[in-house]
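Below: one structure, written as structure tokens.
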Amino acid sequence: MSDRTATIDRKTGETDIRLTLDLEGTGEGERTTGVGFFDHMLDLLARHGRLDLTVDARGDLETGAHHTVEDVGICIGQALDRALGDRRGIFRYGSATVPMDEARASCAIDISGRAFVAWEVSLPPGAIGNFDHELAEEFFRAVAGNARMALHLTVEAGTNVHHIVEALFKAFARALRAAVAIDPTETGVPSTKGTLTA
């Protein structure tokens, strides 16, 4: 493992989560949340983001998947924040547009030290398995808030919600991969104010 790693343990009355993250990964690890479609999306995030990511989450799924999905997002955001440290030497910005059959989604990221989400996505009510469509937004808001990043997500085309959400996760993964990558020409923190952590 690299030194750009983090382990998060989070236990509440609703969820019990252990998560490990390595930014210098290849997609290794296992993702087990009890929410099958969400596990698949986390697999995509790890593979296309080149992150080694292990997630073991136990949540109150009898009330729905909301707490599990949101709390895993919190943990991923905290892990990103911790693994990035002072952000020295990173590219900071990343963007990607990803097609998934008829769907197309775009993501732009600024690891700015400030949390912001622009969600230009319209999903109909419904669920994929036990993953309510609205949980996609909850996940990305939790990640961005805890990673302290500006995150813009846009759906440009699509009719199949499975394809749309998959395109969103893949676009996020690709943009994140670019933003956290080490820039060999950057000797300090990529900011005129000298910090990306406050």
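Rule-based calculations on the coordinates, nothing more; no lab input. Given the structure is predicted, the values throughout are model-derived calculations rather than measurements. Positions of Cβ are backbone-derived with ideal geometry, glycine not excepted, and every protein chain shown enters the neighbour counts.
Observations, loosely collected:
- Rounded to the nearest Hz, the phi-derived 3J(HN,Hα) couplings of segment 127-135 under the Karplus curve 6.51 cos²θ - 1.76 cosθ + 1.60 (θ = phi - 60°) are 8, 10, x, 9, 9, 5, 3, 5, 6, where x marks glycine and proline.
- Taken over the chain, the percentage of Cα pairs per 10 Å bin, counting from 0 up to the bin with the maximum distance, is 10, 38, 37, 13, 2, 0.
- 3J(HN,Hα) along segment 147-163: 8, 6, 10, 8, 10, 10, 10, 9, 9, 9, 6, x, 10, 8, 5, 4, 5 Hz, from the Karplus curve 6.51 cos²θ - 1.76 cosθ + 1.60 with θ = phi - 60°, whole Hz, x for Gly and Pro.
- Against the chain, whose longest principal axis comes from its Cα atoms, helix 36-49 is set at around 20 degrees.
- Relative packing of 83-91, 39-47, which averages over residues the other C-beta atoms within 10 Å, highest first: 39-47, 83-91
- Eigenvalues of the alpha-carbon gyration tensor of segment 1-87, scaled by 5 and square-rooted, set the equivalent ellipsoid semi-axes at 22, 14, 9 angstrom, largest first.
- Normalising the average separation of contacting C-alpha pairs (under 8 angstrom, six or more residues apart) by the number of residues puts the relative contact order of segment 5-180 at 27 percent.
- In this structure, R114 and T159 have a Cβ-Cβ separation that, at R0 = 22 Å, corresponds to a calculated FRET efficiency of about 0.05.
- Packing order of peptides 126-138, 164-176, highest average first: 164-176, 126-138 (average count of other Cβ atoms within 10 Å over each peptide's residues).
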